[in-house]
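This report refers to the structure that appears directly beneath it.
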Amino acid sequence: MNDARALAESGPDPLRTPMKTMTDLAIRPASSGDHDALWAMLEPVFRAGDTYAVDSDIAADDALDYWCGGTHSAFIAESGGQPLGTYYTGPNQGGGGAHVCNCGFVTAPAARGQGVARAMLAHALDTARAMGYRAMQFNFVVETNTRALVIWRDYGFEVVGRLPGAFRHPREGFVDALVMYRQL
């Protein structure tokens with residue numbers, strides 16, 4: 001078993017560095033006026049190709065359409081007018097599965113380790129409840145994304161499925177993707 005899988009199955013890392021907390025973080029719905037800021041956060045994550053199953057050469061317009069379009073509601077987190085993160089939420093499935101939402105999260109590289117992702121997840125959970133969702137599901141959490149795994153577990157998400165070798169990581173090769181779920 002590799003280190004990422006061990007972390008995913010054992011829960012939060014007790015040796016991790018304590019996170020800073022953002023006390024003046026504001027989270028609001030994103031608008032078309034935020035597209036440049038959103039792309040500035042999404043581009044390095046998508047280009048890295050190590051956490052999202054998105055083509056690393058995705059064009060800005062296509063990335064923004066993926067993040068903000070269709071059934072997604074996108075949000076932006078900022079402090080002092082500086083964009084620090086973004087997330088989207090929307091139904092995971094249609095019809096009989098529409099009561100379960102799905103989300104995606106990106107923290108600006110300079111804001112990592114400052115509590116932005118945790119604040120966005122707390123906001124997303126509250127938003128999802130207010131929108132009438134009964135559960136939240138992450139369909140494809142790359143097992144090497146250990147920072148996200150710690151946060152999701154800290155907020156009560158459980159691994160309910162493992163997709164062996166489902167993600168081709170640019171450095172680690174084929175790694176597992178996890179399905180994580182929690183009731184709201």
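The table below lists the values:
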quantity: Normalised convex hull volume, the chain, alpha-carbon set, Å³ per residue; calculated: 121
quantity: For segment 135-151, 3J(HN,Hα) per residue [Karplus equation, 6.51 cos²θ - 1.76 cosθ + 1.60, θ = phi - 60°, Hz, x = Gly/Pro]; calculated: 7, 10, 10, 9, 7, 8, 8, 5, 4, 7, 7, 5, 4, 5, 4, 4, 5
quantity: Accessible surface of the chain [probe 1.4 Å, protein heavy atoms]: carbon and sulfur percent; calculated: 49
quantity: In order through segment 44-54: 3J(HN,Hα) via Karplus (6.51 cos²θ - 1.76 cosθ + 1.60), integer Hz, x for Gly, Pro; calculated: x, 6, 5, 5, 4, x, 10, 9, 10, 7, 10
quantity: Selected from G33, N139, A59, residue furthest toward positive end of dipole (the chain; charges at beta carbon); calculated: N139
quantity: Antiparallel DSSP beta bridges within segment 29-154, as percent of all bridges there, nearest 5; calculated: 85
quantity: Compactness relative to 2.2 N^0.38 Å, alpha carbon Rg of segment 82-184; calculated: 1.09
quantity: Cα centre as origin, Lys/Arg/Asp/Glu Cβ charges: the chain dipole, Debye; calculated: 600
quantity: Additional length obtainable on full extension of the chain from R47 to V179, 0.36 nm per residue less Cα span; calculated: 45.2 nm
quantity: Quotient of Cα Rg and 2.2 N^0.38 Å for segment 51-118, N being how many residues it contains; calculated: 1.23
quantity: Distance in nm between pseudo-label sites at D62 and E172 (7 Å out along the Cβ direction from Cα); calculated: 2.5
quantity: Rounded to the nearest 10 Å², the accessible area of E78 at probe 1.4 Å; calculated: 40
quantity: Residue-normalised accessible area of the chain, expressed per residue, 1.4 Å probe, Å²; calculated: 50
quantity: Amide H contacts of A135 (H built 1.01 Å from N, under 5 Å, at least 5 apart or other chain); calculated: C101, L184
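The values are calculated or read from the model by the stated rules, or taken from the named source; none is laboratory data. A quick note: this is a predicted structure, and the numbers were derived from the prediction, not measured. Positions of Cβ are generated from backbone atoms using ideal geometry, with glycine treated the same way; all protein chains shown enter the neighbour counts. Remember, those area values only see protein heavy atoms, side chains included, never the ligands or the DNA or RNA. Shrake-Rupley method; radii C 1.70, N 1.55, O 1.52, S 1.80 Å.
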